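Here's the structure we're looking at; comments come further down.
The values are calculated or read from the model by the stated rules, or taken from the named source; none is laboratory data. Computed from a predicted structure; not experimentally measured. Neighbour counts are summed over all protein chains in view; Cβ atoms, including those assigned to glycine, are modelled from backbone coordinates with ideal geometry. Quick note on the areas: whole protein, heavy atoms, side chains included, nothing else; ligands and nucleic acids left out. Shrake-Rupley method; radii C 1.70, N 1.55, O 1.52, S 1.80 Å.
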Amino acid sequence: MGRKTKTQALSAVAPIFSIIVALLASALFVMWAKSMSVSEYFSALRLLLDIIITESLSTPQKFMEVLVYATPLLFCGLAHIICFRCGLFNIGVEGQFIMGMVGGALIGQLQGVPMLLHIALMVLAGIICGGLWGFLPGILKAKRGTNEVVVCIMTNFIAMYISNYIALRSVFADSQHDSSYTIQPHAQLPRFVPTSRLNISVFMAIILAFCVYLLLFWSKRGFQIRAVGLNASAAEAGGVNTTWNIVLALVISGAIAGVGGALQISGVQTRLISMASFPNYGFDAIPVALLCNKNPLACVLVAILFGALRNCSRMFQIEGIPKDIVYVIQAIIIFFVAADLITKHLNKRRRA
Amino acid sequence: MDDKLEMINISKAFASVKANEAVNFTLMHGETHVLIGENGAGKTTLMNILYGLYQQDNGEIRIDGKAVKIKRPSESIAHGIGMVHQHFMLVENLTVAENVVLGQEPRRGVVLDMKKAVETVESLCKQYRFELDPSQRIEDLSVGKQQKVEILKLLYRGADILILDEPTAVLTPSEIDELGKIIRKLNEEGKSVILITHKLREVMAMSDRLTVLRRGRVTGHMRTEDATIEKLVEMMVGKALSLEVEIPEQECGEGVLEVQNLVVRDSRGHNAVNALNFCVHRGEIVGLAGVDGNGQSEFIEALMGLRKVQSGKISILGKDITNKQNRAIIDAGISCVAEDRHKRAVVLEMSLTENTLLGNFAHEPFSRGIWLDYGYATKLTEKLINEFDVRTPSSEVNVMWLSGGNQQKYVVAREISRPHELLVAAQPTRGVDIGAKRFIHEQIVKGRAQGKGVLLVSTELDEILSLSDRIVVIYKGAVAGVLTRAQADERLIGSMMLGDKAEGGK
């Protein structure tokens with residue numbers, strides 16, 4: 001992986017360790033849920049692993065379903081990575097993703113547009129809507145010094161209610177369903193097999209991961225974004241316009257999430273469905289971005305892993321295990337990743 | 001006098017690096033003992049072992065003849081050991097008395113007995129002849145006084161052994177004199193003092209005995225009166241080395257930097273730079289001398305486009321750069337060795353190569369179009385590492401893992417390598433050892449010979465005096481006086497630094 005293979009390979013140790021520990025610890029919850037005795041720990045662990053592996057890998061169908069879940073996680077994870085690298089916490093990925101869905105769903109209803117152009121237009125709509133939703137907190141932070149997290153939380157709600165308005169009350173709303181009208185067939189991404197919702201957006205996401213990698217580690221812009229994230233004062237003294245880069249990072253991040261949203265409409269949902277609460281694409285991608293240690297290439301693998309966990313939740317329920325175990329596993333992973341980050345931080349402070 | 005403290009055969013290794021190897025160190029009752037050595041010689045490690053931050057791998061510590069184990073800093077104070085760190089650890093918006101008693105407050109019942117605290121602090125001040133007002137806030141005190149508060153803290157906790165880490169680094173000449181008197185007084189009261197420093201002249205002035213460390217070993221041990229600077233340098237560096245860099249006579253040319261009536265505010269909104277006027281010519285080293293905190297930092301930030309100029313004008317070769325973007329200012333021909341290395345000069349979590357891109361990335365050959373050229377940056381970085389003898393395993397290592405002195409050498413190397421007309425060198429030798437200091441000075445003089453302007457900003461008078469063609473003394477953000485090399489005199493500058501305009505002057 002480029003210039004720092006050795007250190008990056010080393011930095012994979014902690015995440016892998018945390019995944020293993022998370023699985024071992026989650027087996028305890030399986031025991032609890034199934035009222036097993038302590039001596040049955042290993043059968044609980046086997047049951048847990050069994051469900052995860054069978055549900056993800058036993059048939060091509062199932063693996064495709066994993067990838068369906070992984071795709072939006074990957075888009076959102078990449079969006080988070082851009083901002084984390086710039087020292088920002090873009091909790092607005094959720095709203096940016098929703099705005100991308102809104103843009104995609106609206107453009108998708110245009111009639112008489114040839115397929116390639118139509119999908120390109122939807123992607124563009126995703127970029128614009130998501131980017132705009134990143135620009136708002138960015139420009140407010142740059143010009144007024146507001147905290148991007150607070151603004152993003154608000155813009156998330158605005159995005160959700162805009163989406164609901166369009167799905168329920170606007171001229172685009174389909175009164176038969178609690179959703180907007182289905183997008184034109186031309187606007188739908190081709191699926192590989194009729195039995196799975198998997199479509200070519202998964203490849204677009206993987207290509208994007210590579211582009212983000214190039215952007216961050218080989219381009220001038222990425223260098224500036226990373227420099228601002230690691231030491232804004234030094235970056236400023238080194239000729240980097242910190243304000244502009246912060247705004248830009250949020251815009252790029254929003255645009256990536258927006259594309260993810262638009263493609264989610266085009267490939268999976270085909271219409272804007274009203275939301276009772278946040279769909280959690282952006283929020284769930286936070287641990288993805290953290291676990292891959294903000295590395296866009298590793299993000300692909302982590303997104304698939306988390307997609308697999310997500311995909312298992314139904315099976316857990318069938319087996320009589322609360323599906324929230326998926327969140328328990330994620331939480332324990334994050335716990336260890338955070339602990340690793342904190343110890344690194346403390347070590348650094350001790351050296352300084 | 002008998003031994004207060006003995007450290008016998010102390011060894012300590014970090015991974016493969018032997019920081020201390022069979023070090024013997026004794027401290028007598030009521031003496032001042034200086035520990036000198038270059039950076040990385042093991043002074044700090046030795047003191048951190050004594051202070052309980054590290055455990056020795058081998059060897060024994062005895063206090064008053066009894067062997068002790070010090071596992072953590074809180075235990076060291078129980079043994080009467082206290083340390084004043086280079087960076088003070090005071091709560092800025094508390095008063096002197098509050099800071100002194102913090103952690104061991106006198107109480108009446110459960111309530112803090114502030115009256116008693118003030119009384120105790122006052123009596124301590126009287127005993128040791130400190131001129132401090134216990135009710136003043138720390139943020140209103142000068143650095144010299146803050147240092148006294150730190151010493152008071154230790155005395156309040158009953159320390160018999162006081163470790164002072166680089167105590168003179170931030171002081172003016174007169175404050176240093178005062179510190180000398182305080183140390184004498186401490187000795188009279190039976191306290192033993194350990195000074196950690198790499199400044200030789202002070203060593204001579206205020207100590208009884210000294211121990212020299214080099215590469216983790218004791219290379220010398222003598223009474224101060226028997227020591228000479230030459231001898232000490234030889235013991236520290238391992239070879240005889242002249243400290244002074246020769247500066248040939250040279251005519252200076254047209255103006256490079258011109259500062260006119262500059263006003264810059266500090267972060268609290270006060271005028272930190274207040275109608276500053278001076279200029280730097282080609283082939284001239286101008287030393288900007290002053291006590292830390294008299295507007296130097298704000299001036300440099302304003303010069304580099306990192307802080308807003310309220311009024312006035314800065315120009316480079318006649319071109320106005322006031323309030324321009326930092327990149328435009330770099331492009332106009334200023335290279336800057338920033339005074340706060342970790343804040344402004346390097347990104348610790350980036351490799352040396354990536355740090356080379358800082359300030360350079362916008363232009364060919366460092367980048368082409370939107371892409372960076374890591375190949376070129378790596379090649380240049382490796383060249384800098386060789387030329388400036390930066391000790392690092394490779395150019396791909398994060399700057400964080402380099403020692404402070406090597407980081408500084410790298411920063412100087414990067415800034416000098418960039419084409420420039422004016423070099424701003426702020427504390428260019430902060431934290432570097434004698435050999436590197438001399439090398440950096442040579443590089444600065446070399447730039448002068450090439451007709452570049454050099455603005456040397458330093459709180460170390462020695463450095464200013466040995467390099468500058470002209471010395472501009474700054475006090476409260478304005479010029480307190482300008483002296484030529486011939487007129488320069490330490491006492492005179494020292495008094496100007498404290499605001500005395502009377503003598504010298506323009």
Q) If you go through the stretch B:388-406 one residue at a time, do you hit one that is crowded, with 23+ Cβ neighbours inside 10 Å, in a helix (DSSP H, G or I) and modelled with pLDDT of 95 or more? A) no
Q: Test B:Lys115 against the criterion of being without any contact (Cβ under 8 Å) to a residue 40 or more places away in the chain, under 17 Å from B:Asn187 (Cβ atoms) and not aliphatic (A, V, I, L, M), and give yes or no.
A: no
Q: Please list, ordered by first then second residue, the pairs with beta carbon atoms under 8 Å, 6 or more apart or interchain, first in the stretch B:221-241 and open to solvent by less than 80 Å² (accessible area, probe 1.4 Å), second in a helix (DSSP H, G or I) and small (Gly, Ala, Ser).
A: B:Val237/B:Gly435; B:Leu241/B:Gly435
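Restricting attention to the stretch A:219-228, and to residues there that are among the charged types (D, E, K, R) and at the interface with another protein chain (Cβ under 7 Å from one of its Cβ atoms), which single residue is most open to solvent (accessible area, probe 1.4 Å)?
Residues of the stretch A:219-228 that are among the charged types (D, E, K, R), as a first pass: A:220-221, A:226.
Applying the additional criterion that residues be at the interface with another protein chain (Cβ under 7 Å from one of its Cβ atoms) yields A:220-221.
Values: A:Lys220: 44, A:Arg221: 69 Å².
The selected residue is A:Arg221.
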Q) For the stretch B:316-331, does any single residue satisfy the condition of being small (Gly, Ala, Ser) and open to solvent by less than 40 Å² (accessible area, probe 1.4 Å)? A) no
Q. How many residues does the stretch A:178-196 contain that are surrounded by 14 or more Cβ atoms within 10 Å (Cβ to Cβ), not in a helix (DSSP H, G or I) and not aliphatic (A, V, I, L, M)?
A. 10
(Q) I need the full set of residues from the stretch B:351-376 which are facing chain A (nearest Cβ under 7 Å), of a type in the set (Gly, Ala, Ser) and in a loop (DSSP other than H, G, I, E, B), in order please. (A) B:Gly359, B:Ala362
Q | Number of the exception - B:Lys379 against (1) touching a residue at least 12 places away in the same chain (Cβ under 8 Å); (2) open to solvent by 20 Å² or more (accessible area, probe 1.4 Å) | A | (1)
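For the stretch A:229-329, which fully contained helices (runs of 4 or more DSSP H) count at least 1 residues that are free of Cβ contacts under 8 Å to residues at least 12 places away in the same chain and away from chain B (no Cβ under 14 Å)? Don't jump to the end; show me each part of the working.
Working: elements: A:232-237, A:242-264, A:281-291, A:296-318.
So the answer is A:296-318.
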Q.
Every residue in the stretch A:197-218 that is over 22 Å from A:Met101 (Cα atoms) and either part of a loop (DSSP other than H, G, I, E, B) or open to solvent by less than 50 Å² (accessible area, probe 1.4 Å) (or both), please.
A. A:Tyr213, A:Leu215, A:Leu216, A:Phe217
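Checking the condition open to solvent by 20 Å² or more (accessible area, probe 1.4 Å) and of a type in the set (Gly, Ala, Ser), which residue from B:Ala426, B:Ala449 passes?
Numbers: B:Ala426 fails: open to solvent by 20 Å² or more (accessible area, probe 1.4 Å).
Going through B:Ala426, B:Ala449 in turn, just one is open to solvent by 20 Å² or more (accessible area, probe 1.4 Å) and of a type in the set (Gly, Ala, Ser): B:Ala449.
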Q) Can you name every residue in the stretch B:170-193 that is open to solvent by 30 Å² or more (accessible area, probe 1.4 Å), part of a loop (DSSP other than H, G, I, E, B) and either free of Cβ contacts under 8 Å to residues at least 24 places away in the same chain or out of contact with any Gly (no Cβ under 6 Å at 6 or more places or on another chain) (or both)? A) B:Val170, B:Glu189
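With respect to B:Val337, determine if the residue is touching a residue at least 12 places away in the same chain (Cβ under 8 Å) and within 7 Å of chain A (Cβ to nearest Cβ). Working first, answer last.
Numbers: touching a residue at least 12 places away in the same chain (Cβ under 8 Å): yes; within 7 Å of chain A (Cβ to nearest Cβ): no.
No.
Just to verify a result, which residue in the stretch A:156-176, among those that are in contact (Cβ under 8 Å) with a residue 40 or more places away in the chain and open to solvent by 60 Å² or more (accessible area, probe 1.4 Å), is farthest from A:Asn311 (Cα to Cα)?
Step one: of the stretch A:156-176, the residues in contact (Cβ under 8 Å) with a residue 40 or more places away in the chain are A:156-160, A:162-164, A:166-168, A:172, A:174.
Filter again for open to solvent by 60 Å² or more (accessible area, probe 1.4 Å), leaving A:157-158, A:168, A:172.
Numbers: A:Phe157: 27, A:Ile158: 29, A:Leu168: 29, A:Phe172: 31 Å.
Taking the candidates together, the pick is A:Phe172.
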Q.
It is to be established whether one or more residues within the stretch A:156-170 are of a type in the set (Val, Ile, Thr) and either outside any helix (DSSP H, G or I) or under 22 Å from A:Cys86 (Cβ atoms) (or both).
A. no
Q: Answer with yes or no whether B:Lys343 is open to solvent by 30 Å² or more (accessible area, probe 1.4 Å) and facing another protein chain (nearest Cβ under 8 Å).
A: yes
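Having 2 or more residues that are under 30 Å from B:Thr228 (Cβ atoms) is the bar; report the strands (runs of 3 or more DSSP E) wholly within the stretch B:24-89 that clear it. Explain how you work it out, then say what you get.
Details: elements: B:32-36, B:58-63, B:66-68, B:81-84.
Ranges flagged: B:32-36, B:81-84.
Applying the selection to the stretch B:76-96, what residues are farther than 14 Å from B:Glu150 by Cβ and open to solvent by less than 50 Å² (accessible area, probe 1.4 Å)? Talk me through it step by step, then tell me what you get.
Of all residues in the stretch B:76-96, those farther than 14 Å from B:Glu150 by Cβ come to B:76, B:78-81, B:93, B:95.
Those that are farther than 14 Å from B:Glu150 by Cβ and open to solvent by less than 50 Å² (accessible area, probe 1.4 Å): B:Ser76, B:Gly80, B:Ile81, B:Thr95.
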